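See structure below.
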Amino acid sequence: MERFELPEGWEWLALGDPEVASINPRKSEVRNLADEQAITFVPMDAVSEELGIIAKPGTRSLGEVRKGYTYFADGDVIFAKITPCMENGKSAIARGLTNGVGFGSTEFHVFRAGTKATPKWLHCLLRSQQLRTDAENAMTGAAGQQRVPRDFLAGYEIPVPPLPEQKRLVARIEAQTSRVEHIRKAQRELETELRGILNGYYAEICADAEWKPLAEVAPIVRRPVSVEAGQSYPELGIRSFGKGTFHKPAIAAEHLGSKRIYHIHPGDLIFNNVFGWEGAVAVVKPEDAGRVGSHRFITCVPKAGVATTPFLYFHFTTEQGLHDLGDASPGGAGRNRTLGLTALGNIRVPVPDYDKQVVFARLWEKVETTRRLQTELAADLAAFVPALLAKAFRGEL
């Protein structure tokens, strides 16, 4: 961590200083346990990045995990060291472990607080943006599977206030972050409520609707781009599970090779044919205008007076719609499952009265506006916690 002037009584000490923490301690707590005794098991996905807690622990017998897994005990702090987990700082304090013992993924480093640090202070530091950035720069290994070396963490210097000050600062941090979590919980509840409103109206207008092949309601439309040398083409991406579009970097004409690209217009219903089976479908937004997609992006345009894009999009995010997309995407998992053009066109969709679809589209747009505001608030909340921690580490909280 970049050094700065500390308040009186604070020290700069290495994480691996025995008075601060021991890293990846020996398995002393398991020596007196029999193989058949239960212990807590923590796979990587059991740790919540957002909350910084072990949210979904399991239980196994000690004999199943004695070898080949990472060991920790009550009060230890676990820290994910592998690339995919570094962005949000996947870490947690181990609490309430069965028989006081836990084992988990080998991709965890373990920190046991010494005499000059509390577990909560170590946890706050391990979740800080500065440490994560420095750790990412120190990672070693193959791309996509890089890991934070133990030696880097052992020598990493951190601000260490006196224990009473650590406890005071942690209490302030917890008070502020608990408010953030209350807001996030309210956001999740609002999102569930809004989805329920859309589900209710969707079910109402579909009760007596005729079902027709998608090709008759919203045929596939291809708009080839005439690629010109020296030009760049901004691409559009689609998130899975109906989570909308996103903007990808522009690609230069000379980097396209034989890749075919197509114009995408606001109002299109768009699918990613590689991940259609997991809900990679979206409504193209006005801010997506001017972007292009490869041949893997399938654009459908609803017929005027027959269907609206928001209604069709919503249908494909329902259980029935996702099931139909899966059936139209034969093959194995991942990239071996491709949504066929003919199969997509043959999927039957409900076609309620058009005026009712228009009302549904207006309701959907209001929900989307609320969600966008929710997303902006979530980004502000995500920035708030690192800023709060940075102030605490400088003694300014």
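The values are calculated or read from the model by the stated rules, or taken from the named source; none is laboratory data. Being a predicted model, the structure only gives us computed values, none of them experimental. Because the Cβ atoms are built from the backbone with ideal geometry, glycine has one as well, and the counts that use them run over all protein chains shown.
Being of a type in the set (Phe, Trp, Tyr) and closer than 26 Å to Ala387 by Cα is true for just one of Phe72, Phe111. Which residue is that? If you could, list the steps in order and put the result at the bottom.
Working: Phe72 fails: closer than 26 Å to Ala387 by Cα.
Every option except Phe111 fails the conditions.
When only residues in region 20-54 that are farther than 23 Å from Lys81 by Cα and in contact with a Lys or Arg (Cβ under 8 Å, 6 or more places away or on another chain) count, which is surrounded by the fewest Cβ atoms within 10 Å (Cβ to Cβ)?
The qualifying residue surrounded by the fewest Cβ atoms within 10 Å (Cβ to Cβ) is Asp35.
Residue by residue, here is whether (1) of a type in the set (D, E, K, R); (2) part of a helix (DSSP H, G or I) holds:
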| position | (1), (2) |
| --- | --- |
| Gly293 | no, no |
| Pro310 | no, yes |
| Ala343 | no, yes |
| Val349 | no, no |
| Arg362 | yes, yes |
| Arg372 | yes, yes |
| Ala379 | no, yes |
| Ala387 | no, yes |
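Give the residues of region 136-149 that are modelled with pLDDT of 90 or more, within 15 Å of Ser91 (Cβ to Cβ) and out of contact with any helix residue (DSSP H, G or I) (no Cβ under 6 Å at 6 or more places or on another chain), sorted by residue number.
Passing the criteria: only Arg147.
Residue check: is Ala171 small (Gly, Ala, Ser) and either in a helix (DSSP H, G or I) or touching a residue at least 12 places away in the same chain (Cβ under 8 Å) (or both)?
Working: small (Gly, Ala, Ser): yes; either in a helix (DSSP H, G or I) or touching a residue at least 12 places away in the same chain (Cβ under 8 Å) (or both): yes.
Criteria met by Ala171.
Are any of the residues in region 302-322 in contact with a Ser or Thr (Cβ under 8 Å, 6 or more places away or on another chain), within 20 Å of Arg222 (Cβ to Cβ) and at pLDDT below 95? Please lay out each step first, then the result.
If we filter region 302-322 for residues that are in contact with a Ser or Thr (Cβ under 8 Å, 6 or more places away or on another chain), which is where we start, we get 302.
Then drop every residue that is not within 20 Å of Arg222 (Cβ to Cβ), which leaves 302.
From what is left, the residues that are at pLDDT below 95 are none.
No, every residue in region 302-322 fails to be in contact with a Ser or Thr (Cβ under 8 Å, 6 or more places away or on another chain), within 20 Å of Arg222 (Cβ to Cβ) and at pLDDT below 95.
Scan region 106-131 residue by residue and report those that are crowded, with 16+ Cβ neighbours inside 10 Å and over 19 Å from Ser22 (Cα atoms).
Within region 106-131, just Ser128 meets the criteria.
List the number of the failed condition for Pro266; all other conditions in (1) modelled with pLDDT of 95 or more; (2) under 27 Å from the mean Cα position of the chain (by Cα); (3) surrounded by 22 or more Cβ atoms within 10 Å (Cβ to Cβ) hold.
Status for Pro266: all satisfied but (3).
How many of the residues in region 172-201 are under 30 Å from Glu396 (Cα atoms), at pLDDT below 85 and of a type in the set (Asp, Glu)?
Number of matching residues: 1.
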